[in-house]
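Q: One structure coming up, written as structure tokens, with questions to follow.
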Amino acid sequence: MTDAVTADSALPLRPGRATAVAPANIAFIKYWGATDLARAVPVNPSISMTLSECVSRTTVEFDPAAAGDDEVWIGRAGETGDWRDPGASFSRRVRTHLAELRRRLGVEVGSGRFQVVTENSFPAAAGMASSASGFSALAVAVAAALGASPSSTELSALARCSGSGSAARSVMGGYVEWPAPGEADHDSSDPRAVQLFPADHWRLSDVIAVVETGPKEVSSLEGHTRAPSSPYFEHRLGELHRRLEAVRRGLVERDFQRLGQAVEEEAIDLHLIAMSSRPPVYYWVPATLAVLAAVRALRADGIAAWSTMDAGANVHVITTPEHETAVAEALAAVDGVHTVIRDRVGAGPTVEVEAAEVAG
Ligand code: PMV
């Protein structure tokens, strides 16, 4: 028996097996640098748009009577025979997350066994927030499989508890802010994301020029570690108050020019910091620069389009639905672009629960 519920609903079924579909998000203001990397406590607030097409689909089954290590598989969720071992480092991260979720959701340490099957609809580990969608899907599915019904605020803490900070923003739809400790209203050392606006506030599109599909050489975790060594790190923090205000106001007033300008500036600053970190981190490839030039040319032709990149070579082009096709066609024509993904703002994760067989 299955029943679709949202992440905020009380779960109507006995715990057992749950499948969550959680989206990636694209950061308008980036999380870059942590005061506590293991707990993903950010130096600065970040703001993102939750996507709808780039998703992770994760099925979790909890057997309270089973013993042994939690099992992690990557492949097509629910289709036995098409699963593969994801490798030691991925499995280790998932197991660390499961251990922390056990602790926070009140499951005795070491008791029972989780089986996790996960797949992405888009290239993983190429700076396209697969950790955001993957870890938020894991948190949502585990909570549901255990019969817990955390609020989306609580899920935001559960999603990032093994170190992927951007996962905190993927548990909510629309436009989401994740505060940093020490800001006016956010003294907590465990800051939770808040939804600024639901998706229907402003139907923006994100056209993604995929120029690299393989995993990046330097993880975002390593990027966060190196960031403070850049001479531009402090400089960007000085700019951030103004930039955050521009993004918040751009969203409130649906002012695309104000929003886009701040988003593009912010992405360039992140990469300046990465490239000037010691040792440096180069996420861009030549096609990244070609896409940035194509986007400037689109704007010169009166097309509303602004670029941003997370920790990777691929370029997300934020645009409006009426300009989405023109942007997608222009990006597909750029040398070095493998694929163009047309995504848009989305409503956040969904979860489906299957009840465990009731013994006796
Ligand atoms: O969540 P992490 O540790 O993968 O870091 C995310 C870093 C960026 O994607 C570059 C920025 C962000 O806020 O998503």
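Q: Read through the list (1) surrounded by fewer than 16 Cβ atoms within 10 Å (Cβ to Cβ); (2) at pLDDT 95 or above, then give the number of the only condition that THR319 fails.
A: (1)
Q: Further question on the same structure: Give just the number: which of (1) surrounded by fewer than 18 Cβ atoms within 10 Å (Cβ to Cβ); (2) within 16 Å of the ligand (Cβ to nearest atom) does ASP269 not satisfy?
A: (1)
Q: With the requirement that a residue be within 23 Å of THR50 (Cβ to Cβ) and part of a helix (DSSP H, G or I), what does the stretch 208-240 give you?
A: Scanning the stretch 208-240 gives SER220, LEU221, GLY223, HIS224, LEU240.
Q: Within the stretch 160-207, how many residues are assigned to a loop (DSSP other than H, G, I, E, B) and within 19 Å of ARG39 (Cβ to Cβ)?
A: 18
Q: I'm checking my understanding of the structure. Among residues of the stretch 322-341 that are in contact with a Leu (Cβ under 7 Å, 6 or more places away or on another chain) and touching a residue at least 60 places away in the same chain (Cβ under 8 Å), which one is surrounded by the most Cβ atoms within 10 Å (Cβ to Cβ)?
A: Only one residue tops the list, namely VAL327.
Q: Under 8 Å by Cβ, and 6 or more places apart or on different chains, what pairs join a residue from the stretch 32-50 that is more than 16 Å from ILE273 (Cβ to Cβ) and modelled with pLDDT of 95 or more with one that is within 11 Å of the ligand (Cβ to nearest atom) and among the basic types (Lys, Arg)?
A: SER48/ARG169; THR50/ARG169
Q: Hey, another quick one. Using the structure shown, decide if GLY147 is more than 30 Å from ALA333 (Cα to Cα), more than 16 Å from the ligand (Cβ to nearest atom) and free of Cβ contacts under 8 Å to residues at least 40 places away in the same chain.
A: When the stated conditions are applied, GLY147 does not pass them.
Q: Could you check how many residues of the stretch 267-306 are touching a strand residue (DSSP E or B) at 6+ places or on another chain (Cβ under 8 Å), of a type outside the set (Phe, Trp, Tyr) and farther than 15 Å from GLY336 by Cβ?
A: Summing the residues that are touching a strand residue (DSSP E or B) at 6+ places or on another chain (Cβ under 8 Å), of a type outside the set (Phe, Trp, Tyr) and farther than 15 Å from GLY336 by Cβ in the stretch 267-306 gives 6.
Q: If you go through the stretch 319-342 one residue at a time, do you hit one that is under 22 Å from TYR175 (Cβ atoms), within 16 Å of the ligand (Cβ to nearest atom) and within 19 Å of the chain's Cα centre (by Cα)?
A: no
Q: Inspect the stretch 343-357 for any residue being polar (S, T, N, Q), under 24 Å from the mean Cα position of the chain (by Cα), away from the ligand (no atom under 16 Å from the Cβ) and more than 29 Å from THR153 (Cα to Cα) and give the result as yes or no. Working first, answer last.
A: Filtering the stretch 343-357 for residues polar (S, T, N, Q) gives 350.
Restricting the remaining residues to those that are under 24 Å from the mean Cα position of the chain (by Cα) gives 350.
Now restrict to residues that are away from the ligand (no atom under 16 Å from the Cβ): 350.
Add one more test, that the residue is more than 29 Å from THR153 (Cα to Cα), and what stays is none.
No, the stretch 343-357 contains no residue that is polar (S, T, N, Q), under 24 Å from the mean Cα position of the chain (by Cα), away from the ligand (no atom under 16 Å from the Cβ) and more than 29 Å from THR153 (Cα to Cα).
Q: Okay, next question. Quick check on the stretch 17-26. Is at least one of its residues at pLDDT below 95 and more than 16 Å from the ligand (Cβ to nearest atom)?
A: Quick first cut of the stretch 17-26, residues at pLDDT below 95 only: 17.
Now restrict to residues that are more than 16 Å from the ligand (Cβ to nearest atom): 17.
Yes, because at least one residue in the stretch 17-26 is at pLDDT below 95 and more than 16 Å from the ligand (Cβ to nearest atom).
Q: Among the residues that make up the stretch 244-252, is at least one of them outside any helix (DSSP H, G or I), acidic (Asp, Glu) and without any contact (Cβ under 8 Å) to a residue 40 or more places away in the chain?
A: No: zero hits.
Q: Select from the stretch 277-289 the residues that are surrounded by fewer than 18 Cβ atoms within 10 Å (Cβ to Cβ) and of a type outside the set (Phe, Trp, Tyr) and list them in ascending order.
A: ARG278, PRO279, PRO280, VAL285, PRO286, LEU289
Q: Does SER205 satisfy being more than 16 Å from the ligand (Cβ to nearest atom), surrounded by 20 or more Cβ atoms within 10 Å (Cβ to Cβ), in contact (Cβ under 8 Å) with a residue 12 or more places away in the chain and not basic (Lys, Arg)?
A: So SER205 passes the test.
The values are calculated or read from the model by the stated rules, or taken from the named source; none is laboratory data. Nothing here was measured: the structure is a model prediction, and the numbers come from that model. In this analysis, Cβ positions are derived from the backbone assuming ideal geometry, glycine residues included, and neighbour counts consider all displayed protein chains.
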